[in-house]
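The values are calculated or read from the model by the stated rules, or taken from the named source; none is laboratory data. Computed from a prediction, not measured in an experiment: that's the story for all the values here. For neighbour counting, all protein chains shown are included, and Cβ atoms are generated from backbone atoms with ideal geometry for every residue, glycine included.
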Ligand SMILES: [Zn+2]
Ligand SMILES: [Zn+2]
């Protein structure tokens, strides 16, 4: 879905309201996996898509993230920062979304 097309379809007001409403979810910078914080992967930076580059105007088809934004919770496009699989179904048991800074950073990431 192109940003420009969506805005034409639904209007700038709808778009702004939607993005405002889901911002708390996009503001959660980390996944907690096994007690360790892993920085989430923003839309367009996924490794599983290889060399396919997200175009500047292309929104996440599921949660309408703009390139560089984090997805909303349970978006089927989000990539797990630990195993690189789809975060929604990967085996890592992502415990919670958190931005707590006192968790130990994973040295592998
Ligand atoms: Zn998304
Ligand atoms: Zn995983």
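Rundown of residues vs (1) under 14 Å from residue 32 (Cβ atoms); (2) at pLDDT 90 or above; (3) in contact with a strand residue (DSSP E or B) (Cβ under 6 Å, 6 or more places away or on another chain); (4) more than 16 Å from ligand 1 (Cβ to nearest atom), yes/no style:
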{"site": "71", "(1), (2), (3), (4)": "no, yes, no, no"}
{"site": "79", "(1), (2), (3), (4)": "no, yes, no, no"}
{"site": "95", "(1), (2), (3), (4)": "yes, no, yes, yes"}
{"site": "98", "(1), (2), (3), (4)": "yes, no, yes, yes"}
{"site": "103", "(1), (2), (3), (4)": "yes, no, yes, yes"}
{"site": "108", "(1), (2), (3), (4)": "no, no, no, yes"}
Candidates 59, 64, 70, filtered to the one that is surrounded by 15 or more Cβ atoms within 10 Å (Cβ to Cβ), under 17 Å from residue 1 (Cα atoms) and under 9 Å from the mean Cα position of the chain (by Cα): 70
Residue in region 24-42 that is touching a residue at least 12 places away in the same chain (Cβ under 8 Å), out of contact with any helix residue (DSSP H, G or I) (no Cβ under 9 Å at 6 or more places or on another chain) and assigned to a helix (DSSP H, G or I) present: yes
